[in-house]
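Input: a single structure, listed below in structure tokens.
The values are calculated or read from the model by the stated rules, or taken from the named source; none is laboratory data. What you see is a predicted model; the values in this text were computed from it and never measured. Note that we place each Cβ from the backbone using ideal geometry, even for glycine, and neighbour counts take in every protein chain shown. Heavy atoms of the whole protein, side chains included, go into the accessibility calculation; ligands, DNA and RNA do not. Shrake-Rupley method; radii C 1.70, N 1.55, O 1.52, S 1.80 Å.
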Amino acid sequence: MSNLPSEPEFEQAYKELASTLENSSLFQKNPEYKKALEVAAIPERVIQFRVTWEDDKGQCQVNRGYRVQYNSVLGPYKGGLRFHPTVNLSILKFLGFEQIFKNALTGLNMGGGKGGADFDPKGKSDNEIRKFCVAFMRELSKHIGAFTDVPAGDIGVSPREIGWMFGTYRNEKNKWEGVLTGKGGSWGGSLIRPEATGYGLVYYVQHMIQYASGGKESFEGKKVAISGSGNVAQYAALKVMELGGTVVSLSDSKGCLIATDEKGFNEDVVNTIAQLKVERKALTELNDEKYKYIEGARPWTHVGKIDVALPSATQNEVSEDEAKALIDAGCKFIAEGSNMGCTQEAIDVFEAARKEKKGEAIWYAPGKAANAGGVAVSGLEMAQNSARLSWTSEEVDEKLKGIMEACFKNCLETAKEYIEPAEGEFPSLVGGANIAGFRKVAAAMKDQGDWW
Ligand code: NDP
């Protein structure tokens, strides 16, 4: 029995990584890397703090704030801030742990971290959210900096909250520096950062489709189920449509929205949903008979025949049964826009199907590779801030495409090297992503004396 508190989400993320390393030839080739895993599993630093703020009635409110500074071997800690009532140390440790290896996969120099608070922006006024952001950053500002730790947004933290936190940091420190990413375009933000995670996800899947079809297929004509309706889901949906695919579902924390005709979602309805989300309203407010709202449900068992599934809401949003249902519905490509979108049981279903149905792809890509586009463009935002210049949308989008292609190839080639696929079998992208990310971090940690 361990004397540590139970951290179910962190333990799940750790086991997922550790089991793929153990089931590969990595530890046979480099047995010393077992020590690296033991060391890397413990965050370099965890900061926990009290956030007191005043609500609109003048009452004192209190929340818990956190920053997990997990690993800085490749660069300043980098990873989002999540404001959601479910936030606790287990969730932030799982997110921070995954972030280390994701950031390594971008090829940019960024360490891994994650933070946030158990603050619920829902039902709060703009004034209350601003006051919370100010109070949160007053403490966090003591622990971060452009060369130390550069947070970004995540669930519940949009560019508006980034703005309020950036202003607080600037005031507290009397210093303008690129301490947060996802900033506004006119004051240091990068073009394409809002779009980057969703676009990057679709670029990654495009490579999966092309590889699996020998270059014959693309998103053109594909039916795509998406969950979530926030930042990642919205831009993934828009990019799928631009590439000729049909988006058949979206969802939020209360239920899912399924398109009832063949045309699926269009750009106008996604823009309307984006506005609803800015106003912190639920999808139930969308009064359009072309879309059926199913309360309390996730989309996966309601979408009918599909080719691609992109979970893009939150962790553990695809269960074992839903994974089986997706395969039965003809789904060939599953890629996580969300972090740890699939349960371990769901991943096992997809990985077993990949092995069984050789040549007929059922191919799963984990979030740490498929959703790395967001943090990659955050890295590009840091580079632009340091150089005091701005790149055009086209320049950033081209770099994002290059990074997602390199990430896909890295996962693929690493999987081939360490988990030899059977004849006709597609390489394991989850294995490849974990080994490629871990190997890079472990080697750098050794060079810097973090383990020996
Ligand atoms: P948003 O806050 O913009 O949107 C989150 C969406 O997920 C909303 O539709 C929300 O519903 C839904 N959701 C949140 N919690 C739950 C829950 N417990 N059950 C069901 N639905 C839920 O966040 P993002 O789009 O930024 O993030 C989505 C996922 O992508 C997260 O896992 C995040 O960690 C990951 N990610 C985000 C990146 C980014 O750049 N933003 C980068 C890489 C990964 P509702 O509107 O009802 O709250």
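Some notes on this structure:
- With 19 Å as the limit on Cα-Cα distance, the pairs of Lys183/Lys409; Lys254/Lys332; Lys223/Lys277; Lys223/Lys292; Lys332/Lys401 that go past it are Lys183/Lys409; Lys254/Lys332; Lys223/Lys277; Lys332/Lys401.
- Residue-level accessible surface for Arg138, protein heavy atoms, 1.4 Å, Å²: 130
- Extension gain, Thr272-Ser186: 0.36 nm per intervening residue step, less the Cα-Cα distance, totals 28.5 nm.
- Only the Cβ atoms of Lys and Arg (+1) and of Asp and Glu (-1) were treated as charged; on that basis the dipole of the stretch 223-275 about its Cα centre amounts to roughly 160 debye.
- Shape class of the stretch 229-321 from the alpha-carbon gyration tensor: rounded, with the ratio a/c of largest to smallest axis under 1.5.
- Within the chain, antiparallel bridges make up roughly 55 percent of the DSSP beta bridges whose residues both belong there.
- Sequence-distant residues sharing a close amide H with Gly79 (under 5 Å, placed H): Gly113, Val150, Ala152
- Area of Arg280 that stays accessible when all protein chains are in place (1.4 Å probe, Å², to 10): 70
- Per-residue accessible area (protein heavy atoms, 1.4 Å probe) orders Trp187, Trp300 as Trp187, Trp300, starting from the largest.
- For the chain, a Kirkwood radius taken over Cα pairs fed into Stokes-Einstein (25 °C, viscosity 0.890 mPa s) yields D = 111 µm²/s.
- Estimated from the Cβ-Cβ distance and a Förster radius of 45 angstrom, the FRET efficiency linking Asn287 and Ala41 is about 0.40.
- As a fraction of the 1.4 Å probe accessible area of the stretch 286-426, surface on carbon and sulfur atoms comes out at 46 percent.
- Of all accessible heavy-atom area on the stretch 106-251, the percent that carbon and sulfur account for (1.4 Å): 47
- Among the trypsin sites (Lys or Arg not before Pro) found in the stretch 204-251, those both in a DSSP coil and sparsely packed, with 16 or fewer other Cβ atoms within 10 Å of their Cβ, are Lys216.
- Applied to the stretch 338-348, the Karplus parametrisation 6.51 cos²θ - 1.76 cosθ + 1.60 on θ = phi - 60° returns per-residue 3J(HN,Hα) values of 7, 7, 6, x, 9, 5, 4, 5, 5, 4, 4 Hz, with x for Gly and Pro.
- Label reach from Ala352 (point 7 Å along Cα→C-beta): in the stretch 423-450, amide nitrogens under 19 Å belong to 425-426, 428-431.
- Tyr293 accessible area, 1.4 Å probe, all protein chains in place, Å² to nearest 10: 60
- Packing around the peptides 408-421, 50-63, taken as the average count of other Cβ atoms within 10 Å per residue, puts them in this order, highest first: 408-421, 50-63.
- For Asp261 and Glu22, the difference between the fully extended length at 0.36 nm per residue and the C-alpha to C-alpha distance is 81.4 nm.
- From the alpha carbon centroid of the stretch 1-56 to that of the stretch 289-360 is 26 Å.
- Within a straight-line Cα-Cα reach of under 17 Å, Lys15 can be paired with the following lysines, leaving aside sequence neighbours fewer than 8 residues apart in one chain: Lys34, Lys35, Lys93, Lys102, Lys368.
- Label point 7 Å beyond Cα of Asn3 along Cβ direction - residues of the stretch 24-52 with amide nitrogen under 14 Å: none
- Cross-link partners of Lys131 among aspartates and glutamates (Cα-Cα below 14 Å; sequence separation of 8 or more within a chain): Glu54, Asp55, Asp56, Asp120, Glu139, Glu161
- Whole-number accessible area per residue in Å² for the chain, which is evaluated in the context of all protein chains at 1.4 Å: 41
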